[in-house]
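Colleague: Have a look at this one before I ask anything.
Rule-based calculations on the coordinates, nothing more; no lab input. This one's a predicted model, so the numbers in the text were calculated from it and none came from an experiment.
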């Protein structure tokens, strides 16, 4: 059995005070406690132009996309904490996921960064739905490109008051839910790896 599955954690926002960055960091710590080897990523460290097929043909895949894609190929699974932008996926996250889907060579398998991976999703928002509506298209997109998705998810409403000074969720129920999601992410990633 793979003792320490490799999992990536990221937020769909690069904003310094992002609630989803807090949620991704908290989830990474919980997964580490469940025996995972975790890497917390910042999308701001991988600046990318808006995807354009002509740009890709002229210049190839940008170096930040190649670097991030390698991390996805090498991992067993990932966790995304995503804000909701107008009931959908934030453009930063969508653009990043689109670039990572591109093949670098003719012999590279299609969707190498995604197929066979397992992912868990959550969201945090100041609004009453907690970003839940944005997870629907994100879940659909990832499922369509070969990612196995953990059914459970967490949407943290009223996120401005949801975290304590240490970045932990104040609600025991929400913390238990996120812990259960991380436990399942680690379990499934181990099974898929073996």
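Colleague: Could you grab the relative contact order for the stretch 1-87? Cα pairs under 8 Å, six or more apart, rounded to a whole percent.
Modeller: Contact order relative to length: 47 percent.
Colleague: The stretch 29-74 to the stretch 98-154: how many Å between their Cα centroids?
Modeller: Measuring centre to centre over Cα atoms gives 13 Å.
Colleague: Another question about this same structure. Give me the three principal axis extents of the stretch 6-193 from the C-alpha atoms, as integers in angstrom, largest value leading.
Modeller: Sorted largest first, the three principal extents are 50, 35, 26 Å.
Colleague: If you don't mind, another one. I'd like the orientation of helix 63-74 relative to the chain: the angle between its Cα long axis and the longest Cα principal axis, in ° from 0 to 90, rounded to 10.
Modeller: Long axis of 63-74 versus the principal axis of the chain: about 70 degrees.
Colleague: Which whole-number percentage describes the relative contact order of the stretch 79-119, with Cα contacts under 8 Å and a sequence gap of 6 or more?
Modeller: Relative CO of the stretch 79-119 lands at 29 percent.
Colleague: So what's the stretch 44-85 giving for Cα Rg divided by 2.2 N^0.38 Å, two decimals?
Modeller: Expressed relative to 2.2 N^0.38 Å, the Cα Rg reads 1.39.
Colleague: OK, next. Please work out the Kirkwood hydrodynamic radius for the stretch 100-159, using every pair of different C-alpha atoms, and report it in angstroms with one decimal place.
Modeller: Every distinct Cα pair counted, the radius reaches 12.8 Å.
Colleague: Can you tell me the orientation of helix 19-33 relative to the chain, as the angle in degrees between its alpha-carbon axis and the longest Cα principal axis, to the nearest 10?
Modeller: The answer is roughly 90 degrees.
Colleague: Moving to a separate point now. Considering only DSSP beta bridges where both residues belong to the chain, give the percentage that are antiparallel (nearest 5).
Modeller: 10 percent
Colleague: With angles folded into 0 to 90 degrees, how steeply does helix 91-100 sit against the dominant principal axis of the chain? Use alpha carbons for both and round to 10.
Modeller: Helix 91-100 sits at roughly 50 degrees to that axis.
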